[in-house]
2 protein chains.
Amino acid sequence: MTELLPIRDLQACCAPITREPVSVLNAESLAVSLKALADPARLRILSMVAAHEDAEACVCDLTEPLGLSQPTVSHHLKVLVDAGYLTRSKRGTWAYFAIVPGSLDSVAGLLATV
Amino acid sequence: MTELLPIRDLQACCAPITREPVSVLNAESLAVSLKALADPARLRILSMVAAHEDAEACVCDLTEPLGLSQPTVSHHLKVLVDAGYLTRSKRGTWAYFAIVPGSLDSVAGLLATV
């Protein structure tokens, strides 16, 4: 199987899906990237991380406002890191997460028609 | 349960998720809209409909290029109509599908950071 493209490569290679026919591989890659976003907790995590001081947050900042357990939040964070939306950097006891610049804009750019 | 917002209302009400914290209801609504897109066949259908003559297509135009059965394509078309991405108009034997103007731009606008 050909490897799927991560979101940062997808925008570099591809026009918006309504501008020219999307290839099978690129449709599969974009679907995987969209699936990672298509969850209310993960959308709220991205929003909270962006709004947090210095635009980064640890799992300890997120569990209470989300009302979810630490393992559940950690799982969602891992999905977002694996999909290329969040960076993870370990400092002391905690790992800190920040939005990968351009990642959400890549998805938006592939969907936008104007 | 409060009713989820369709994609056209979501953009009217809401800022991009990274600009201000997204509410629980809006995160759930956007997740539902993204789930409808997060499928390679549905992304290819939207792309094919947009590229087709007069920017509309019937299921008869889509089955062969997609390599899927008519019931499967009809199922995907129904998901896209229900989610607010496609219109459906019956003319003679066939129903014709076209992109709802602004629908993909609404999703893109909620994800974009710039």
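Tabulated values for the structure
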| quantity | calculated |
| --- | --- |
| Filter result (surrounded by fewer than 19 Cβ atoms within 10 Å (Cβ to Cβ) and in a strand (DSSP E or B)) within segment B:82-94 | B:THR87, B:ARG88, B:SER89, B:LYS90, B:ARG91, B:TRP94 |
| Residue that is nearest to A:VAL100 (Cα to Cα) [pool: residues in segment A:17-57 that are more than 8 Å from chain B (Cβ to nearest Cβ) and part of a loop (DSSP other than H, G, I, E, B)] | A:HIS52 |
| Output for segment B:2-16, where each listed residue is in a helix (DSSP H, G or I) and not acidic (Asp, Glu) | B:ILE7, B:ARG8, B:LEU10, B:GLN11, B:ALA12, B:CYS13 |
| Filtered residues of segment A:85-114 (kept if away from chain B (no Cβ under 14 Å) and among the hydroxyl-bearing types (Ser, Thr, Tyr)) | A:THR87, A:SER89, A:THR93, A:TYR96 |
| B:ALA51 surrounded by fewer than 20 Cβ atoms within 10 Å (Cβ to Cβ), more than 26 Å from A:ASP39 (Cβ to Cβ) and in contact with a Pro (Cβ under 8 Å, 6 or more places away or on another chain) | yes |
| Residue satisfying condition, being under 25 Å from A:LEU37 (Cβ atoms), free of Cβ contacts under 8 Å to residues at least 60 places away in the same chain, crowded, with 20+ Cβ neighbours inside 10 Å and among the aliphatic types (A, V, I, L, M), within set B:LEU110, B:LEU43 | B:LEU43 |
| Members of segment B:17-38 that are surrounded by 19 or more Cβ atoms within 10 Å (Cβ to Cβ) and among the acidic types (Asp, Glu) | B:GLU28 |
| Residue in segment B:59-69 that is within 14 Å of chain A (Cβ to nearest Cβ), farther than 19 Å from A:PRO16 by Cβ, under 18 Å from the mean Cα position of the chain (by Cα) and in contact (Cβ under 8 Å) with a residue 24 or more places away in the chain present | yes |
| Qualifying residues in segment A:83-114 (those that are closer than 24 Å to A:PRO71 by Cβ and of a type in the set (D, E, K, R)) - the one modelled with the lowest pLDDT | A:ARG91 |
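The values are calculated or read from the model by the stated rules, or taken from the named source; none is laboratory data. Because the structure is predicted, anything quoted here is derived from the model rather than measured. Neighbour counts are summed over all protein chains in view; Cβ atoms, including those assigned to glycine, are modelled from backbone coordinates with ideal geometry.
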